[in-house]
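Chemist: My questions will all concern the structure given below.
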């Protein structure tokens with residue numbers, strides 16, 4: 001399996017903090033909910049480890065979540081959706097997990113249904129770059 005099979009990655013000319021703010025705005029404009037933001041660099045620094053900037057942003061669409069959970073509650077293992085902002089090689093990247101991977105683990109979810117969710121994730125990422 002290749003990275004592009006499960007992750008949608010774009011580079012941005014924005015700085016790290018601008019990219020994070022841009023995602024938050026895009027999530028709100030898309031009508032999705034923000035669940036949590038994890039600052040991995042900060043949390044690991046508290047344990048004495050050094051990392052480059054990395055934030056994990058958890059988001060959810062009630063409509064899609066409800067649909068998937070009605071098919072199989074174990075899909076909650078893949079929820080909520082995540083969009084990460086990270087620095088790598090001196091560049092800021094925005095990375096979204098591709099929900100179509102869910103249909104490979106849970107056959108109750110058609111690839112077409114997962115593609116609808118993935119389209120939203122890609123739109124959020126693209127409008128944030």
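Chemist: Can residue 68 be described as over 18 Å from residue 17 (Cβ atoms) and surrounded by fewer than 18 Cβ atoms within 10 Å (Cβ to Cβ)?
Modeler: no
Chemist: It is to be established whether one or more residues within region 99-107 are in contact (Cβ under 8 Å) with a residue 40 or more places away in the chain, within 14 Å of residue 124 (Cα to Cα), crowded, with 16+ Cβ neighbours inside 10 Å and under 14 Å from the mean Cα position of the chain (by Cα).
Modeler: No, that holds for no residue.
Chemist: I've got another one for you. For region 13-32, give me each residue that is surrounded by 14 or more Cβ atoms within 10 Å (Cβ to Cβ) and within 23 Å of residue 100 (Cβ to Cβ).
Modeler: 23, 26, 27, 30, 32
Values quoted throughout were computed directly from the atomic coordinates according to the rules given, and no laboratory measurement underlies them. If you're wondering where the values come from, they're calculated on a predicted model, not measured in any experiment. Cβ sites come from the backbone with ideal geometry, for glycine too, and all protein chains shown count toward neighbours.
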